[in-house]
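Input: a single structure, listed below in structure tokens.
The values are calculated or read from the model by the stated rules, or taken from the named source; none is laboratory data. Predicted model, so just to flag it, every value in this text is computed and none were measured. Quick reminder, even Gly has a Cβ in these numbers, built from the backbone with ideal geometry, and neighbours come from all protein chains shown. With ligands, DNA and RNA removed, areas are computed over all heavy atoms of the protein, side chains included. Shrake-Rupley method; radii C 1.70, N 1.55, O 1.52, S 1.80 Å.
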Amino acid sequence: MSRKFAVILGSAGVLILFSALSPVSADDGVPFPNGFRDWYFVNSLTAPAESALFGHVAGVHHIYVNAKGLPALKAGGPFPYPDGTVFADDVHDFSVKDGASLEGAKKFVTVMVKDAKKYAMTGGWGFQVWVAGDPTKPQVPDIAHSVAACFVCHTPQKIQDYVFSSYIP
């Protein structure tokens, strides 16, 4: 095998592997939440890897909601949230130094978009995750994959329309 052919074949293998490891969002329409840091800041939480509920998404979570969902959040209902509600979770690594949690690099941005008809399979919510908050790196390929990746964890929150956050005045 010639060196040139081996390089081409090796490059093709890397491209195939990369595409298998980096799924792209199908046409489920869950957009990256540009400008979400200008939305209403809901709360923060720090979840260590040992957390039974949040260990698989360990980090410092900063939760935001857009203007459409803010009234229902503040009132604590009535649920469901209106279509067009978007929650964004800005997740960062963290470390502990001298008993204090220190925020680190951005791990990912997750989002929930409310559209009762489009996402009926997942309680009316569309889900997406972007590695390092990079809009070109979505990780949930389609709504079917979001069931196991996201919706299963949100199911216990059905009484709050599958949302963990609540308003803290």
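Is there any pair linking a residue in region 30-49 that is closer than 14 Å to HIS62 by Cβ and part of a loop (DSSP other than H, G, I, E, B) to one that is of a type in the set (Gly, Ala, Ser) and open to solvent by less than 40 Å² (accessible area, probe 1.4 Å), with Cβ under 6 Å and at least six apart or on different chains, and which?
PRO33/ALA88
Which of (1) within 18 Å of LYS137 (Cα to Cα); (2) at pLDDT below 95; (3) among the basic types (Lys, Arg) does LYS106 not meet, given it meets every other one?
Result: LYS106 passes all but (2).
Go through region 107-129 residue by residue and tally those that are under 21 Å from ASN34 (Cα atoms), hydrophobic (A, V, I, L, M, F, W, C) and in contact (Cβ under 8 Å) with a residue 24 or more places away in the chain.
7
Can you tell me which of VAL152, VAL96, VAL163 is more than 12 Å from the chain's Cα centre (by Cα), at negative phi, of a type in the set (A, V, I, L, M, F, W, C) and in a loop (DSSP other than H, G, I, E, B)?
Just one listed residue meets the conditions, VAL163.
Considering GLY104, GLY99, which residue is among the small types (Gly, Ala, Ser), surrounded by fewer than 19 Cβ atoms within 10 Å (Cβ to Cβ) and over 24 Å from GLY35 (Cα atoms)?
GLY99
Picking from ALA132, ALA67, ALA88, which residue would you name as being closer than 16 Å to PHE36 by Cα, open to solvent by 60 Å² or more (accessible area, probe 1.4 Å) and small (Gly, Ala, Ser)?
None of the others qualify; the one that does is ALA67.
Which numbered condition trips up GLY126, out of (1) of a type outside the set (A, V, I, L, M, F, W, C); (2) open to solvent by less than 50 Å² (accessible area, probe 1.4 Å); (3) under 25 Å from ALA49 (Cα atoms)?
Looking at each condition in turn, GLY126 falls short on (3).
For region 70-85, how many residues are crowded, with 17+ Cβ neighbours inside 10 Å, closer than 19 Å to ASP38 by Cβ and touching a residue at least 60 places away in the same chain (Cβ under 8 Å)?
1
Restricting attention to region 36-56, which residues are open to solvent by less than 40 Å² (accessible area, probe 1.4 Å) and under 16 Å from the mean Cα position of the chain (by Cα)?
PHE36, VAL42, ASN43, ALA47, GLY55
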